[in-house]
Structure formats: C-alpha cells, structure tokens
Amino acid sequence: MGGLLEGKRLLITGIITDQSIAFAAAKLAQEQGAKVVLTGFGRLSLVERIAKRLPQEAPVIELDVTNKEHLDGLADKVREHVDGLDGVLHSIAFAPPSCLGGDFLTAPWEDVATAVHVSTFSFKSLAVACLPLMGTGGSIVGLDFDATRAYPVYDWMGVAKAGLESTSRYLARELGPRGIRVNLVAAGPLRTMAAKSIPGFAVFEDTWAKSAPLGWDLYDQEAAGKACCALMSDWFPATTGEIVHVDGGYHAIGGTS
C-alpha cells in the first residue's frame with residue numbers, strides 16, 4: 001500500500017496534540033506520499049510545535065471555523081502552500097461544559113448552539129471554504145462518534161454528532177455532481193484531549209473494552225487515521241455519504257449503556 005496518497009494535497013484540521021486522530025492521519029498521509037497543510041485554532045504555537053513532530057514539518061494556517069473572515073480567506077491561505085486540494089479532514093468538535101456530563105435537561109440553548117455551530121455546521125462551512133481548491137475526485141472526510149444511540153454523559157455532543165451525520169449525507173448529495181466525495185469515520189472512544197474534556201468518559205472505555213468483538217485499544221489512533229487516509233485516497237472512488245466505523249465492531253452489536 002506504499003504511496004497510497006502519492007501526490008495528493010491534503011488539508012487536515014484539528015491537530016492539538018500528537019495523540020489525536022488528526023495527527024495520526026497527517027503522519028500516515030505524509031508517509032503515503034501526500035503534501036499536508038494543517039489548520040489550528042487558539043494556541044497556534046502549540047500546533048506549530050506538534051507539526052514539527054511529523055515526518056516532514058507541515059505549514060499551519062489559523063482557522064476558527066466560526067469566523068467568516070477566516071473561512072473566506074482560507075483558500076488563499078492554502079494556496080500559499082499548495083495549488084489545490086485533493087482531500088480535507090474535518091477533525092473539529094467542541095461543546096461547553098454544560099452540554100456534557102449528564103445534565104442534558106439543563107443545558108441552555110446558547111451553549112447548545114455553540115456545540116452545534118462548532119461540531120456540526122462547521123463541516124458544511126469548511127467544505128464550502130475549500131470548494132475553490134477542489135476538483136473531480138476530491139474527498140472530504142469528517143470524524144464522527146456513533147450517533148445511533150443515546151450514550152451516558154455524551155449528551156448534546158451526541159445530538160451534534162447526529163447532525164454531523166445528516167450534514168454529511170446532504171453534502172454528499174450536493175457535492176456529488178462536482179465529483180467530490182463526503183464520508184465520515186466513526187471511531188470508538190480514544191484517550192485524546194477531546195475525550196478528557198468529557199466528565200465520566202470512563203463509562204465509554206469500560207463498555208467498549210468489554211463488548212467490541214475485535215477488542216478496543218484506547219490508545220490506538222492509527223486505526224482511525226488509516227481509515228481517513230483510505231477515504232482520501234483513490235481507493236474509494238464510488239463511496240460517498242458513508243459512515244465507516246472504526247470501533248472494534250461495537251456499533252454492530254451494542255453493549256451496556
């Protein structure tokens with residue numbers, strides 16, 4: 001499978017630490033021949049330091065997906081490093097503390113709106129911002145967490161992920177005529193920085209470890225990263241609107257919750 005992404009130009013968002021799925025995807029993509037550009041938000045210097053840990057240091061562009069100016073200027077910023085894009089990885093999600101941890105009934109709309117804006121609507125926003133750079137054969141991939149069930153403590157982020165899944169299908173419909181594929185990778189729980197922000201996250205860890213048919217490694221970001229890279233390659237030319245589960249098979253059989 002060497003050179004799976006040879007010559008591909010990829011934009012990868014959401015790298016915060018080298019323990020993230022986005023980092024694993026960026027590393028694997030470079031190893032498979034891709035030119036990678038990263039985006040970061042907030043602590044940009046941290047993202048730049050993490051970028052130096054890749055096989056080849058990647059440029060970092062500041063991007064707040066809720067900022068219209070950032071989105072409007074994204075294509076020009078990307079063109080400073082590559083002349084177009086073949087793939088985009090959306091690895092962005094956030095919910096205020098009130099939206100997680102078991103207080104589903106009390107979370108205020110303002111906080112829920114933030115969660116939906118950052119975690120759901122931004123998938124569409126990023127896709128639209130990147131369209132001027134993409135042509136036939138392009139691929140947009142988002143990171144998901146199975147939204148077919150109501151999980152303990154996940155609360156409004158679960159709702160946001162359900163919206164992400166629907167958004168992906170609508171984007172697949174809209175962008176298909178342009179030859180652009182849109183898919184999601186639904187990973188099982190991993191001990192990333194995002195997971196650490198969810199109170200009671202151990203509930204997920206225990207359930208997956210006991211119930212996933214293939215077992216589940218809480219520290220293996222590479223499995224999901226490989227799925228992202230495969231979907232951004234030319235090996236799924238007729239697949240769009242799909243959710244690829246990388247969860248040890250847990251989604252297929254369920255478990256206690």
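Pairing each residue of segment 22-42 that is touching a residue at least 24 places away in the same chain (Cβ under 8 Å) and β-branched (Val, Ile, Thr) with any residue that is in a helix (DSSP H, G or I) and open to solvent by 10 Å² or more (accessible area, probe 1.4 Å), provided the two are 6+ apart or on different chains, yields C-beta distances under 8 Å for Val36/Gln30. If only residues of segment 29-45 that are open to solvent by less than 20 Å² (accessible area, probe 1.4 Å) and of a type in the set (A, V, I, L, M, F, W, C) are counted, the one that is farthest from Asp86 (Cα to Cα) is Leu38. Summed over segment 57-71, residues that are farther than 19 Å from Ser119 by Cβ and open to solvent by 100 Å² or more (accessible area, probe 1.4 Å) total 2.
Which of the helices (runs of 4 or more DSSP H) contained wholly in segment 140-257 include at least 3 residues that are modelled with pLDDT of 95 or more?
So the answer is 155-175, 222-232.
Only residues that are within 11 Å of Ala95 (Cβ to Cβ) and buried (at least 18 other Cβ atoms within 10 Å of the Cβ): list them for segment 109-152, please. Val112, Thr114, Ala115, Val116, Val118, Ser119, Thr120, listed by residue number.
Scanning segment 17-35 for residues that are under 20 Å from Ser122 (Cβ atoms) and in contact with a Leu (Cβ under 7 Å, 6 or more places away or on another chain) gives Ile21, Ala22, Ala25, Ala26. For Phe123, only one of the following conditions fails: (1) over 18 Å from Ala186 (Cβ atoms); (2) hydrophobic (A, V, I, L, M, F, W, C); (3) part of a helix (DSSP H, G or I). What is its number? Just one mismatch for Phe123, condition (1).
Yes/no per residue for (1) modelled with pLDDT of 95 or more; (2) within 27 Å of Lys161 (Cβ to Cβ); (3) assigned to a helix (DSSP H, G or I); (4) more than 17 Å from the chain's Cα centre (by Cα):
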| site | (1), (2), (3), (4) |
| --- | --- |
| Met1 | no, no, no, yes |
| Leu10 | yes, yes, no, no |
| Val36 | yes, yes, no, no |
| Asp64 | yes, yes, no, no |
| Thr114 | yes, yes, yes, yes |
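Do you know which residues across segment 76-90 are open to solvent by less than 10 Å² (accessible area, probe 1.4 Å) and not in a loop (DSSP other than H, G, I, E, B)?
At the first step, the residues of segment 76-90 found to be open to solvent by less than 10 Å² (accessible area, probe 1.4 Å) are 78, 84-85, 87-90.
Val78, Leu85, Gly87, Val88, Leu89, His90 - these are the residues of segment 76-90 that are open to solvent by less than 10 Å² (accessible area, probe 1.4 Å) and not in a loop (DSSP other than H, G, I, E, B).
The values are calculated or read from the model by the stated rules, or taken from the named source; none is laboratory data. It should be emphasised that the depicted structure is a prediction, and the values quoted were computed from it without experimental measurement. Cβ atoms come from the backbone with ideal geometry, glycine included; neighbour counts cover every protein chain shown. What goes into the accessible areas is simple: the full protein's heavy atoms, side chains included, and nothing from ligands, DNA or RNA. Shrake-Rupley method; radii C 1.70, N 1.55, O 1.52, S 1.80 Å.
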